[in-house]
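The values are calculated or read from the model by the stated rules, or taken from the named source; none is laboratory data. Quantities reported herein were computed from a predicted structural model and do not represent experimental measurements. Quick reminder, even Gly has a Cβ in these numbers, built from the backbone with ideal geometry, and neighbours come from all protein chains shown. Accessible surface is based on the protein model in full, side chains and every heavy atom, while ligands, DNA and RNA are left aside. Shrake-Rupley method; radii C 1.70, N 1.55, O 1.52, S 1.80 Å.
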Amino acid sequence: MACVLEAPLRMSVLSEVTASSRHYVDRLFDLDPQKVLQGVIDMKNAVIGNNKQKANLIVLGAVPRLLYLLQQETSSAELRTECAVVLGSLAMGTENNVKSLLDCHIIPALLQGLLSPDLKFIEACLRCLRTIFISPVTPEDLLYTDATVISHLMALLSRSRYTQEYICQIFSHCCKLQHWHSCGFKSLPQPLLCANGPDHQTILFNHGAVQNIAHLLVSTSYKVRMQALKCFSVLAFENPQVSMTLVNVSVDGELLPQIFVKMLQRDKPIEMQLTSAKCLTSMCRAGAIRTDDSCIVLKTLPCLVRMCSKERLLEERVEGAETLAYLIETDVELQRIASITDHLIVMLADYFKYPSSVSAITDIKRLDHDLKHAHELRQAAFKLYASLGANDEDIRKKIIETENMMDRIVNGLSESSIKVRLAAVRCLHSLSRSVQQLRTSFQDHAVWKPLMKVLQNAPNEILVVASSTLCNLLLEFSPSKEPILESGAIELLCSLTQSENLALRVNGIWALMNMAFQAEQKIKSDILRGLSTEQLFQLLSDSDVNVLMKTLGLLRNLLSTRPHIDHIMSTHGKQIMQAVTLILEGEHNIEVKEQTLCILANIADGTTAKELIMTNDDILQKIKYYMSHSNAKLQLAAMFCISNLIWNEEEGSQERQDKLRDMGIVDILHKLSQSSDPNLCDKAKTALQQYLA
């Protein structure tokens, strides 16, 4: 019976709730403007801090009526302002509330309201717009659909401290490049473009954002200063144009970098220290401030390290570590300085122990929040470790010797959060650049196993970094090479070479190239079988020169040691010679042609394989042509081919020498023996001795 009663009960409760809310909506339709105004004011008081009431009023259709009253010119300024306040309050509820407001086209109505002469109404509209644009469900591009909106907002900046605060906040939330929490940093999506073409930063910059906002950094209002600072941190991120401009802007006789440095000081609020550090970081990464400038080395970097201490709140530690990772990512000296500042490497180990059972957090809400976001700390620590260990062997050693570090990375590779997995793979990739660690820690912890698992089924951004790491684990001195091969890596890597993603194609072929280096004949045959001739040709005609160079490198590694050369050329000779011809005839750079001639020199070193060259007059003419080329590298590579073909101690050398003499090769060798290039000269003389022997 309970089941039968349940639904009607629910309905009666709902109808009671909506009935108690209905009179608020009914009063909006009263014919007496004074009663309408009082109704809106009562509604405002009813919804403050009451999400249930907000949802009820939206369901009952309050939003279209409030928007109608807000847009009516017959409505009094006070009524319009109160309508904007109520709408702003509704927007502060759930994401669903914001979606409902957007569906009612609230943004055009509020933007229209900004044309009013009444300042209080303008401020209420801006406050509501701010609340809506802060929400993750609001598309930023809605701010840029009308070209006149931005210039009007810039003009309103001078009206009051509230217009300054709200407009700066709107700009910083509607200027999307890559989110700071996503830096790590190269393989991420490019900036979002708005409907009109240029990205948000450029639109704001072209409308004079820097000049209009700079003076707000010295406002008497802390909130205005803070929002202006946040605006600059977003405008300057990965934007050389903005960063170069900021360096030269001064406010009250003081340059912006100096103002930012003042905001970094320990006596300033943490939020201000962090945001000004982000501004200086962006300017440094964009090349507007040198990496050895004292404002970076002595101010920004130490400030960001301070943010990583366990005294700071979780979100401050996350932002501090990620910003520091971005600051030092490409600069060896900054990596060294950071690694010895305040025991940073050890300090970061605490990121994995948080919150601990003996946590000092007494606030239950804070503890609950931090438990839900603890993965962000792990992600930030992995990113910072990746940047710290990008170049210096000693730093990598210190990182790996930090307690349980390799176990933490291995665990990170299988976390449910994609961001943690990506950051863990980045960290592993950074550490895999160490020959020493590949031979020791990587082997001790069988890192290749979870890495291969990651490669089986992951989004492209993880695959790119994971496959780069695999390339390093497949170098000839890495003990992981054997077990990786046994776990089906060839098939996996061959499939990567067919990817539409360029970085994955490069990494797939690169890893195969490393795998083929000094490998057994069986492995080489497996690679060729896995790739297929068709795919090999596809890679050799790839439009990207990196793919082409790595494919040629693979061929060169496959065609090394005589028995292997002869075996491979006996099964794939025709196709390989075809490919070589194709490249030597094509429009390729010197490096590509040189690598191709080196492959020919390897084929010429085979016992039976060299006949494939000797019976191919087209190829012989090409080698002759490159012997007289204007580039010494190509001449030298062509000479290696000739030397291997005419070497005296090998069977059939006399016939080969005669054929090449008839082609005029000896005359070219005589000429080259007089060359001013010592390498060419020596090689030519050595070749001529084969004729005299």
### Between 0 and 90°, nearest 10: helix 545-558 axis offset from the chain longest Cα axis
40
### Query
How much net charge surrounds residue 225 when only other residues with a Cβ under 12 Å from its Cβ are counted (Lys, Arg +1; Asp, Glu -1)?
+3
### Task
May I ask you to evaluate 6.51 cos²θ - 1.76 cosθ + 1.60, the Karplus curve with θ = phi - 60°, for each residue of the range 283-294 and list the ³J(HN,Hα) values in order in whole Hz, giving x for glycine and proline?
5, 5, 5, 7, x, 7, 10, 5, 5, 9, 5, 4
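Could you size up the charge dipole of the chain around its Cα centre, putting +1 on the beta carbon of Lys and Arg and -1 on that of Asp and Glu, and report it in debye to the nearest 20? Intermediate values should be presented prior to the final figure.
Working: 69 positive and 76 negative charges, 273 e Å.
Taking the Cα centre of the chain as origin, the dipole is about 1300 debye.
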#### Entry: For the range 221-279, accessible area per residue (1.4 Å probe, heavy atoms of protein chains only), Å²
39
### Message
Net charge within 12 Å of residue 415 by Cβ-Cβ distance, Lys/Arg positive one each and Asp/Glu negative one each, not counting residue 415 itself?
### Response
+3
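Give me the percent of the accessible area of the range 570-692 that comes from carbon and sulfur atoms, probe 1.4 Å, all protein chains in place. Please list the in-between numbers first.
Details: 2890 of 5960 Å².
For the range 570-692, the apolar C and S fraction of the accessible surface comes to 48 percent.
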### Overall form of the range 245-305 per C-alpha gyration tensor (a/c, 1.5; a/b vs b/c)
oblate
### Task
Express in Å², to the nearest 10, the accessible area of residue 254 obtained by rolling a 1.4 Å probe over the protein heavy atoms while all chains stay in place.
50
### Query
When Lys and Arg each count +1 and Asp and Glu each count -1, what net charge do the other residues less than 12 Å away from residue 473, Cβ to Cβ, add up to?
+2
### Message
Along the charge dipole of the chain, pointing to its positive end and built from +1/-1 on Cβ of Lys, Arg, Asp and Glu, which listed residue (301, 235, 53) has its Cα farthest out?
### Response
53
### Query
Taking the Cα centre of the chain as the origin and placing charges on Cβ (Lys, Arg +1; Asp, Glu -1), which of 569, 613, 97 is farthest toward the positive end of the dipole?
97
### Query
What does the highest-first list of 644-653, 163-172, 590-599 look like by mean Cβ count within 10 Å?
163-172, 590-599, 644-653
### Summary
the chain: relative contact order from alpha carbon pairs under 8 Å, six or more residues apart, as a whole percent, is 5
### Query
Magnitude of the Cβ-charge dipole of the range 524-619, K/R +1 and D/E -1, about the Cα centre, nearest 20 debye?
380
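From the Cα gyration tensor of the range 570-692, with a ≥ b ≥ c the square roots of its eigenvalues, which class applies: rounded if a/c is under 1.5, or else prolate if a/b is larger than b/c, or else oblate?
Note, shape of the range 570-692 comes out oblate.
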### Query
Which value in nm describes the separation of the simple spin-label points at residue 477 and residue 417, placed 7 Å from the Cα toward the beta carbon?
3.6
### Task
Have a look at 660, 690, 673 and report the one farthest towards the positive end of the charge dipole of the range 648-693, computed about the Cα centre with Cβ charges (Lys/Arg +1, Asp/Glu -1).
673
### Task
Let me know the charge dipole size of the range 570-692 about its Cα centre in debye, to the nearest 20, where only the beta-carbon of Lys, Arg (+1) and Asp, Glu (-1) is charged.
180
